[in-house]
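The values are calculated or read from the model by the stated rules, or taken from the named source; none is laboratory data. Only a predicted model underlies this, so the values are computations on that prediction, with no experimental measurement involved. Counting neighbours? That spans all protein chains shown, and the Cβs are built from the backbone with ideal geometry, glycine included.
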Amino acid sequence: MLDSSIQAASVKVQEDNKKKLGIILYTSPTTSQFWFGIEIAKRALAKGYGVRMFAWGDSVYALYGSGSTGAYSKASNELVSMLSSGNLVLDVCTTCIKSRGLTNSNPIAGANLSGMHKIPEMIKTCHKTLAMIP
C-alpha cells in the first residue's frame, strides 16, 4: 500500500515538473505564423513536453475546419491529432468565435471554450510562452 502511494506521488511530481510550452495563436490558418505555432507544438509534443495553446482572433477558424477544404481542414485535423496525444490543452476564445459569426458549440472535441483570462494563467503555468502574431 505504501509503495503504491509513493509511486503515485512520484508520478505526480514528474508530471508537475514536466516542461510546458504555451503557444498563443492569433492569425488564420492561411498564414505562416499559424503554421509555425502548429509545427513548434508538434515538435514539443514529440520531445515529451506538455503544450498549452490559446486560440483567439482569426485562429478560431481552424477549429471549424472539419468538413471544409484547404488550410482550414488541415489545421483542424492537426489540432485534433495533437489533442489526441493527451499532452495538449487547447483553450479557445468564445468572444472571438461569436464576433466571427461562428457557432458557440464546441468545435473540436477536447477544446475548452473559455475567455481571455486564460492567457495570464497560461503564461504563469508554462515555462515558456510564444505568441504567434503578426
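Looking only at residues that are within 12 Å of the chain's Cα centre (by Cα), touching a residue at least 40 places away in the same chain (Cβ under 8 Å) and not in a strand (DSSP E or B) in the range 85-99, which one is farthest from I24 (Cα to Cα)? I'd like the intermediate steps shown before the answer.
Keep residues of the range 85-99 that are within 12 Å of the chain's Cα centre (by Cα), which gives 85-93.
Then drop every residue that is not touching a residue at least 40 places away in the same chain (Cβ under 8 Å), which leaves 85, 87-88.
Keeping just the survivors that are not in a strand (DSSP E or B) gives 85, 87.
On the way: S85: 19, N87: 16 Å.
Per the stated criteria, the residue is S85.
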Testing K47 on (1) in contact with a strand residue (DSSP E or B) (Cβ under 6 Å, 6 or more places away or on another chain); (2) of a type in the set (D, E, K, R); (3) loosely packed, with under 13 Cβ neighbours inside 10 Å, one condition comes back false. Which one is that? (1)
Filter the range 115-133 for residues that are of a type outside the set (K, R) and touching a residue at least 24 places away in the same chain (Cβ under 8 Å) and give the result. M116, I119, M122, I123, T125, C126, H127, T129, L130, A131, M132, I133
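Give the range 100-134 a look and list any residue that's of a type in the set (S, T, N, Q) and in a helix (DSSP H, G or I), or say none.
Filtering the range 100-134 down to residues of a type in the set (S, T, N, Q) leaves 103-106, 112, 114, 125, 129.
Correct list: T125 only.
Restricting to the range 86-114, what's the tally of residues that are among the small types (G, A, S) and either over 24 Å from K42 (Cα atoms) or modelled with pLDDT of 95 or more (or both)?
Quick first cut of the range 86-114, residues among the small types (G, A, S) only: 86, 99, 101, 105, 109-111, 114.
Checking which are either over 24 Å from K42 (Cα atoms) or modelled with pLDDT of 95 or more (or both) leaves us with 99, 101, 105.
Looking only at that region, the number is 3.
For the range 57-70, what are the residues that are in contact with a helix residue (DSSP H, G or I) (Cβ under 9 Å, 6 or more places away or on another chain) and either of a type in the set (G, A, S) or surrounded by fewer than 22 Cβ atoms within 10 Å (Cβ to Cβ) (or both)?
G57, D58, S59, A62, Y64, G65, S66, G67, S68
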